[in-house]
Amino acid sequence: MPTETLRAALAVALCAMPLAAGADDTAVASVEDGKYFAADETPTFNVSADGTVDWYTFSGFRRYHSECHVCHGPDGMGSTYAPPLKDAVMNLDYWEFTAVVAAGLEHVDASGNSVMPAFGLNRNVMCYLDDIWVYLRARGADAVPRGRPAKREDKPDAFVEHENACMAG
Ligand code: HEC
């Protein structure tokens, strides 16, 4: 392929990337068994007019508060030790989020060490990663207030199937 053609192809690919990443694109494009997806087919949240949240957002609230909140603060608000994830997820895409949670992060700077543990082998986190993601995105988009969501959709069969397979796997 001539270099010019390659360059053109690369330019097209690079221009398409921010759209594909769609960090702020939380709008529901499709739903399957009570699980909602954005246009790029990554999971997203759904909040009805009366404040009812989808099951995954509710599940994510619970998982976040059992696995992440000790460092990242209640409701994704951040702490003196770790950044506010409700804001962080609006600047990450789903795949970047997954990679950080699975592999962890460690910054060593003048102010000392700041360590995000790797959760890749922790099923209580990895089996519910989509849930935590959609909950935090809902917080970041101001679609759900602080605290436990008062109303939620029923637990979908597909959730139970995934949970059983993932926790047993
Ligand atoms: C032991 C404390 C601790 C726990 C528990 C913890 N984190 Fe972190 N996390 C951190 C610290 C500290 C950082 C900042 C790391 C850095 O920048 O070097 C961080 C960074 C992150 C980032 C990157 C934020 C950004 O701005 O890019 C994500 C995403 C993240 N954590 C997700 C999670 C999730 C999801 C959970 C729960 C499953 C979790 N963390 C649990 C300490 C923790």
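The values are calculated or read from the model by the stated rules, or taken from the named source; none is laboratory data. From a predicted model like this one, the values you see are computed outputs, not experimental measurements. Cβ placement follows ideal geometry from the backbone for every residue including glycine, while neighbour counts extend to all protein chains displayed. Heads up: the accessible areas ignore ligands, DNA and RNA and are worked out on the full protein's heavy atoms, side chains in. Shrake-Rupley method; radii C 1.70, N 1.55, O 1.52, S 1.80 Å.
Among L105, L136, L92, the residue with the largest mean-square fluctuation in a Gaussian network model of the chain, with springs joining Cα atoms closer than 10 Å, is L105.
For the peptides 123-134, 43-54, the ranking by packing is 123-134, 43-54, with the highest mean count of neighbouring Cβ atoms within 10 Å listed first. Residues whose amide H falls under 5 Å from that of R152, counting only those 5 or more places apart or on a different chain, are V53, with hydrogens built in the peptide plane. Please report how far the C-alpha centroid of region 126-169 lies from that of region 27-87, rounded to the nearest whole angstrom. For region 126-169 versus region 27-87, the Cα centre distance is 6 Å.
Looking at region 67-97, the chymotrypsin sites (Phe, Trp or Tyr not before Pro) that sit in a DSSP loop and have at most 16 other Cβ atoms within 10 Å of their own Cβ are Y81. Semi-axis lengths, largest first, of the ellipsoid equivalent to the chain are 28, 23, 17 Å, with √(5λ) applied to each eigenvalue of the Cα gyration tensor. Surface composition of the chain: carbon and sulfur atoms hold 58% of the protein heavy-atom accessible area at a 1.4 Å probe. As a calculated quantity, the FRET efficiency between A39 and E153 at R0 = 30 Å, using C-beta atoms, amounts to about 0.90. Most simply put, region 3-168 has about 90% antiparallel DSSP beta bridges, counting only bridges with both residues inside it.
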